[in-house]
Amino acid sequence: MNCFFNKYSIIILVFLLDIFRMYFFQNQIIPTLLLIVLGAILCVIYTIDSKYILRKFDFELFIYMLFSIILYKLLGQGSLAIAVFVFWFIFNTACAVITSYNRQKMFFKSEHIIEDELNHIQNTVDIVSVENKLRNELEAIYRKDIEALRSKYEKSKNNKKKYEKLIQSINEEKDEQLLKASQALQALSKENETLRDINFVLVEENQELQNTLADLRNSYDSTIKKIENQKIKDDKETQILKNEKIRDAFKNGLNSAQSEICIISPWVGHRVIKNYAKEFQSLARKGVRVKLIYGIGVDKQVVDVNDSNYNRLVKSRNAVKYLKSFYTKEKKANLISTEERHTHAKLFIVDDNWYLLGSMNLLSFDYSDSDDKREELAEKIYNSKKIQLYKKEYFSF
């Protein structure tokens with residue numbers, strides 16, 4: 001049969017005919033019946049001609065039938081495919097059942113025929129005489145071969161006796177060698193015990209030497225570390241910074257802080273806080289606490305709106321609100337504390353590591369104004385004891 005005429009090509013053709021019917025005949029009854037008859041004829045031709053389907057029940061066809069029904073339930077289209085597949089499935093199942101029944105019937109008939117033939121042979125032929133005759137003929141044909149095999153068998157028996165004697169002598173020699181090896185192994189075991197005792201003593205002595213060496217190494221490392229720490233402390237205890245280097249040290253301190261920074265700045269400028277926005281946002285994300293003292297002129301009894309210090313105080317308050325907004329956005333407003341104080345001091349503390357003390361207003365001046373080239377001076381000091389004193393004196397809030 002043509003390779004293009006098979007089960008899958010018929011299934012595809014049925015779906016195409018269904019689509020053709022829907023778009024060109026709008027579900028009219030007569031074209032639909034004609035197409036169903038055409039599909040049924042193709043299915044009958046294929047089922048009768050196909051040896052595969054006649055052997056057993058076709059599960060694939062059953063699956064395609066279910067698929068067409070599901071498609072009809074989902075889309076409301078495909079009734080032609082359902083009709084053809086249902087007819088095909090019923091016809092296919094009937095063919096398979098009939099074929100199976102015929103084969104079983106033929107099988108039982110063949111069994112009876114064979115049984116009758118066997119009974120006939122047993123009744124008409126003397127099986128014993130035939131068997132004796134065949135045995136005599138076979139002996140006459142293969143007598144020479146049987147005699148040759150018997151002679152080989154006798155020779156093999158003699159060779160077997162020789163091999164048994166040889167194996168016995170080998171086993172006796174092997175037992176003697178095993179005895180000697182066992183004696184040598186016992187001697188080696190005694191020597192090994194002696195060496196084990198000596199090794200145990202050497203291990204203990206080596207452990208004592210290792211402990212002594214470790215103590216010496218620890219003492220040496222401790223001494224070297226103290227010397228290096230002292231050297232580092234001497235090298236970085238105090239650094240004198242000027243101008244932009246003060247700004248750079250302040251920025252590095254904001255970036256390196258891990259737990260807390262403390263700042264005293266008489267004024268706070270919105271522009272400077274904006275320039276350090278990334279640093280303060282990073283502090284808020286890391287959860288670094290900020291304590292800020294500002295507000296020169298805040299304790300005046302009579303407020304003069306024309307006073308420059310008062311105007312700067314108002315601007316400072318607005319800048320501090322902007323600074324606090326970084327922590328509010330991160331929902332960590334409790335980590336920033338401020339206090340207004342009539343002070344002209346300038347101080348910046350990073351954790352318990354180091355601090356800046358000098359003339360520069362760190363939160364209101366950062367050399368970003370190209371016209372302002374004032375000279376500023378500060379010291380970068382590594383002294384944890386002084387840091388604790390400053391925190392106790394100024395930052396207890």
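A few remarks follow.
- Some residue of the range 287-296 being in a helix (DSSP H, G or I), in contact (Cβ under 8 Å) with a residue 12 or more places away in the chain and over 19 Å from A345 (Cα atoms): no
- Some residue of the range 370-377 being in contact (Cβ under 8 Å) with a residue 24 or more places away in the chain and crowded, with 16+ Cβ neighbours inside 10 Å: yes
- Hits in the range 339-359 - residues which are closer than 16 Å to G297 by Cα and in contact with a strand residue (DSSP E or B) (Cβ under 9 Å, 6 or more places away or on another chain): E339, E340, R341, T343, A345, K346
- Looking across the range 368-394, the residues that are in a helix (DSSP H, G or I) and of a type outside the set (V, I, T) come down to S384, K385, K386, Q388, L389, Y390, K391, K392, E393, Y394.
- Which listed residue is at pLDDT 95 or above and either within 51 Å of the chain's Cα centre (by Cα) or surrounded by 12 or more Cβ atoms within 10 Å (Cβ to Cβ) (or both), from I232, I261: I261
- Any hit, the range 374-390, residues being aromatic (F, W, Y), out of contact with any Asp or Glu (no Cβ under 6 Å at 6 or more places or on another chain) and within 27 Å of K245 (Cβ to Cβ): yes
The values are calculated or read from the model by the stated rules, or taken from the named source; none is laboratory data. Small disclaimer: the values here were computed from a predicted structure and weren't measured. A quick note on method: Cβ atoms are made from the backbone with ideal geometry, for glycine too, and the neighbour counts reach across all protein chains shown.
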